[in-house]
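Right, one structure below, let's go through it.
The values are calculated or read from the model by the stated rules, or taken from the named source; none is laboratory data. As the structure is a computational prediction, the values presented were derived from the model and not from experiment. A quick note on method: Cβ atoms are made from the backbone with ideal geometry, for glycine too, and the neighbour counts reach across all protein chains shown. Areas reflect the complete protein model, heavy atoms only, side chains present, ligands, DNA and RNA absent. Shrake-Rupley method; radii C 1.70, N 1.55, O 1.52, S 1.80 Å.
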Amino acid sequence: MSIWSYANPVKFLALSAKLQPYLWGAAALCVCTGLIWGFFGTPDDYRQGSTVKIIYLHVPSALMAINAWFMMLLTSLIWLVRRHHVSALAARAAAPVGLVMTLIALITGAIWGQPMWGTWWAWDPRLTSFLILFLFYLGYIALWEAVEDPDTAADLTSVLCLVGSVFAVLSRYAVQFWNQGLHQGTSVPVATGGRTVDDVFFVPLAISMVGFGLLFVALVLYRTGTEIRLRRTQALRTRMERGL
């Protein structure tokens, strides 16, 4: 069976209903295990003290904030090329989740940065690009709400998603692009395979990152199903109004 067959809303909803119980359960297990282990089962850092434990919220949420936008980019491209409505609705469903993840990353970053840097905020390249990404999320959601025609809204938001992807990339690689600012380098650089986090901190961090990823997928599947049902309801209402 081709993957494109799940662009059919009925098949997508059936698959989503099967996957969601497992995703919710695995996400809850990983998130709870990672956070509890990280906050209560790891020692204080010799330099940062107990503030280092914010890493178990900050890093996973920042990772998902960026990856959520990339997921929206992929589904937006599918919409522009193949005109599958499920892909456009999936992008719309992911936006509020990505917005919340970005907000969590910004807030936890400020809480972590204040005792380390002596300030809640600095116009650091990564912090600034993350703030711009947050504004793009707001604009994306607002544009969906502002345009009445669903297909036109999907087209416009897809273009916005393409533009915003520049800042998603900058948010991910700002430290490598500009060798300045207060923000430290990536703790878990995937490209090089190296990391600066000791195993005692890394294992619960990895579990928390997996949990946030599973939580994101579960939320997007749930919200996409909701968007599909709302679209059906609106279509039926329009038909009834025209029939009357």
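Any chance you could give the angle, 0 to 90 degrees and rounded to 10, that helix 150-177 forms with the longest Cα principal axis of the chain? For helix 150-177, the angle is close to 10 degrees.
Oblate is the label for region 1-122, because a/c, from the alpha-carbon gyration tensor with a ≥ b ≥ c as root eigenvalues, is 1.5 or above and a/b does not exceed b/c. Given the options VAL147, SER50, ILE132, identify the residue whose Cα lies farthest towards the positive end of the charge dipole of the chain (+1 on Cβ of Lys, Arg; -1 on Cβ of Asp, Glu). Going by the Cα projections, it comes out as VAL147. Along region 11-16 the Karplus relation, 6.51 cos²θ - 1.76 cosθ + 1.60 evaluated at θ = phi - 60°, assigns HN-Hα couplings of 5, 5, 5, 5, 5, 4 Hz to successive residues, with x for each Gly and Pro.
Its Cα centre serving as origin, the chain has a Cβ charge dipole (Lys and Arg +1, Asp and Glu -1) of approximately 760 debye. Summed over qualifying helices (DSSP H, 4 residues or more, each -39500 (n - 2.57)) and divided by its residue number, the chain shows a 222 nm mean residue ellipticity of -28000 deg cm²/dmol. Region 27-46 and region 51-114 have Cα centres lying 22 Å from one another.
Against the main long axis of the alpha-carbon atoms of the chain, helix 85-117 sits at an angle near 20°. Residue ranges 225-234, 54-63 sort as 54-63, 225-234 when ordered by packing (mean number of other C-beta atoms within 10 Å per residue, highest first).
Taking the Cα centre of region 16-123 as origin and assigning +1 to Lys and Arg Cβ atoms and -1 to Asp and Glu Cβ atoms, the resulting dipole is close to 460 debye.
Per-residue accessible area (protein heavy atoms, 1.4 Å probe) orders ASP199, ASP124, ASP45 as ASP199, ASP45, ASP124, starting from the largest.
Assuming charge only on the beta carbon of Lys and Arg (+1) and of Asp and Glu (-1), the dipole of region 76-171 about its Cα centre is about 300 debye to the nearest 20. The structure-derived value of Rg/Rh (Cα atoms, Kirkwood Rh) appears in the list (1) 1.07; (2) 1.02; (3) 0.95 under the label (2).
Relative to the longest principal axis of the chain, what angle (0 to 90°, nearest 10) does the C-alpha long axis of helix 125-146 take? Orientation of helix 125-146: about 20 degrees from the principal axis. On a per residue basis, the chain carries 54 Å² of accessible surface, using protein heavy atoms and a 1.4 Å probe.
Taking the accessible area of region 8-105, probe 1.4 Å, and keeping the other protein chains in place, the carbon and sulfur fraction comes to 73%. Mind giving me the FRET efficiency for LYS11 and LEU131? R0 is 25 Å, r the Cβ-Cβ distance, nearest 0.05 is fine. Taking R0 as 25 Å, the efficiency between LYS11 and LEU131 is 0.05.
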